[in-house]
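To start, the structure under review is shown below, and the notes come after it.
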């Protein structure tokens, strides 16, 4: 049956970690990445990089080859546009510290196993901040080098860590 999800990898964070890497992309299928109830050690951005197998190790691609654009909506202020070319990541969401905040989202990943196409992601997020305001976003980005990627690497800005939440990668078949 078309449209089924097969879980490829998951990680539930219960104590501080600097980053999360989910691998297992090994086909030309579309993949879906979800994050649920993500909380950080401080207020920061939440970013994604595609990983490439380097000598048997999934290595985040941090070169300036990401082009990205998104629109963020806020319950307490007007919307913002976020965009850049030649960045070193895809900007997913804003994460904050505290039990009253969380980041949640769904992203679809395309062409990651195809060495002759650009890898790209599209998705949406919904977030609660520490003051009780909601924000959401829709957008995506592309890695402008045609190469094979085997997963995704997720991290926060600067020295912030993930303190809780669940990250899951699915294959869409």
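The values are calculated or read from the model by the stated rules, or taken from the named source; none is laboratory data. Every value quoted in this text rests on a predicted model; they were computed, and no experiment measured them. Ideal geometry is used to build each Cβ from the backbone, glycine not excepted, and the neighbour counts take in all protein chains shown.
Would you point out which residue out of 143, 110, 155, 118 is under 21 Å from residue 22 (Cα atoms) and at pLDDT below 95? First the steps, then the outcome.
Numbers: 143 fails: at pLDDT below 95; 110 fails: at pLDDT below 95; 118 fails: at pLDDT below 95.
One residue alone meets the criteria, 155.
In the range 39-60, what residues are outside any loop (DSSP other than H, G, I, E, B) and at pLDDT below 90?
Going through the range 39-60, the residues outside any loop (DSSP other than H, G, I, E, B) turn out to be 39-40, 44-54, 57-60.
Of everything in the range 39-60, those that are outside any loop (DSSP other than H, G, I, E, B) and at pLDDT below 90 turn out to be 39, 40, 44, 45, 46.
For the range 63-84, which positions are in contact with a strand residue (DSSP E or B) (Cβ under 6 Å, 6 or more places away or on another chain) and more than 28 Å from residue 129 (Cβ to Cβ)?
If the condition is that a residue be in contact with a strand residue (DSSP E or B) (Cβ under 6 Å, 6 or more places away or on another chain) and more than 28 Å from residue 129 (Cβ to Cβ), then 64, 65 are the ones that fit.
Can you go through 141, 105 and tell me which one is within 13 Å of the chain's Cα centre (by Cα), crowded, with 17+ Cβ neighbours inside 10 Å and within 22 Å of residue 7 (Cα to Cα)?
Details: 141 fails: within 22 Å of residue 7 (Cα to Cα).
None of the other options fit; the residue is 105.
Given the structure, is residue 173 over 12 Å from the mean Cα position of the chain (by Cα), under 22 Å from residue 28 (Cα atoms), touching a residue at least 60 places away in the same chain (Cβ under 8 Å) and crowded, with 16+ Cβ neighbours inside 10 Å? Explain how you work it out, then say what you get.
On the way: over 12 Å from the mean Cα position of the chain (by Cα): yes; under 22 Å from residue 28 (Cα atoms): yes; touching a residue at least 60 places away in the same chain (Cβ under 8 Å): yes; crowded, with 16+ Cβ neighbours inside 10 Å: no.
Spelling it out, it is not the case that residue 173 is over 12 Å from the mean Cα position of the chain (by Cα), under 22 Å from residue 28 (Cα atoms), touching a residue at least 60 places away in the same chain (Cβ under 8 Å) and crowded, with 16+ Cβ neighbours inside 10 Å.
Could you tell me whether any residue of the range 121-130 is assigned to a loop (DSSP other than H, G, I, E, B) and either closer than 20 Å to residue 75 by Cα or out of contact with any strand residue (DSSP E or B) (no Cβ under 7 Å at 6 or more places or on another chain) (or both)?
At the first step, the residues of the range 121-130 found to be assigned to a loop (DSSP other than H, G, I, E, B) are 129-130.
Imposing the further condition that a residue be either closer than 20 Å to residue 75 by Cα or out of contact with any strand residue (DSSP E or B) (no Cβ under 7 Å at 6 or more places or on another chain) (or both) reduces the set to 129-130.
Scanning the range 121-130 turns up at least one residue that is assigned to a loop (DSSP other than H, G, I, E, B) and either closer than 20 Å to residue 75 by Cα or out of contact with any strand residue (DSSP E or B) (no Cβ under 7 Å at 6 or more places or on another chain) (or both).
Among what's in the range 61-81 and is surrounded by 13 or more Cβ atoms within 10 Å (Cβ to Cβ) and over 19 Å from residue 152 (Cβ atoms), pick the residue that is modelled with the lowest pLDDT.
In this case the residue turns out to be 74.
Which of (1) surrounded by fewer than 16 Cβ atoms within 10 Å (Cβ to Cβ); (2) over 24 Å from residue 164 (Cβ atoms) does residue 25 not meet, given it meets every other one?
Only one criterion in (1) surrounded by fewer than 16 Cβ atoms within 10 Å (Cβ to Cβ); (2) over 24 Å from residue 164 (Cβ atoms) is unmet by residue 25, namely (1).
Name the residue that is nearest to residue 27 (Cα to Cα), counting only residues in the range 112-128 that are without any contact (Cβ under 8 Å) to a residue 24 or more places away in the chain and surrounded by fewer than 20 Cβ atoms within 10 Å (Cβ to Cβ).
Going residue by residue through the range 112-128, those that are without any contact (Cβ under 8 Å) to a residue 24 or more places away in the chain are 120, 122, 124, 126.
Remaining after also requiring surrounded by fewer than 20 Cβ atoms within 10 Å (Cβ to Cβ): 122, 124, 126.
Working: 122: 18, 124: 24, 126: 29 Å.
The qualifying residue nearest to residue 27 (Cα to Cα) is 122.
Does the range 42-56 include one or more residues that are under 20 Å from residue 128 (Cα atoms) and over 15 Å from the mean Cα position of the chain (by Cα)?
Yes, the conditions are met somewhere in the range 42-56.
For the range 6-28, what are the residues that are part of a loop (DSSP other than H, G, I, E, B) and under 14 Å from residue 155 (Cα atoms)? Before the answer, list the steps.
Within the range 6-28, the subset part of a loop (DSSP other than H, G, I, E, B) is 14-16, 18, 24-28.
Result: 16, 18.
Would you confirm, using the coordinates I've provided, whether residue 127 is out of contact with any helix residue (DSSP H, G or I) (no Cβ under 8 Å at 6 or more places or on another chain) and within 14 Å of residue 35 (Cβ to Cβ)?
Values: out of contact with any helix residue (DSSP H, G or I) (no Cβ under 8 Å at 6 or more places or on another chain): yes; within 14 Å of residue 35 (Cβ to Cβ): yes.
In short, yes.
Can you pull out the residues in the range 131-157 that are part of a loop (DSSP other than H, G, I, E, B) and in contact (Cβ under 8 Å) with a residue 60 or more places away in the chain? Steps first, please.
Here is the first cut: in the range 131-157, the ones part of a loop (DSSP other than H, G, I, E, B) are 131-133, 144-150, 157.
If the condition is that a residue be part of a loop (DSSP other than H, G, I, E, B) and in contact (Cβ under 8 Å) with a residue 60 or more places away in the chain, then 144, 145, 147, 148, 149, 150, 157 are the ones that fit.
Taking the stated definitions as given, is residue 80 free of Cβ contacts under 8 Å to residues at least 40 places away in the same chain and over 14 Å from the mean Cα position of the chain (by Cα)? Break it down stepwise before answering.
Details: free of Cβ contacts under 8 Å to residues at least 40 places away in the same chain: yes; over 14 Å from the mean Cα position of the chain (by Cα): yes.
Judged against the criteria, residue 80 is a match.
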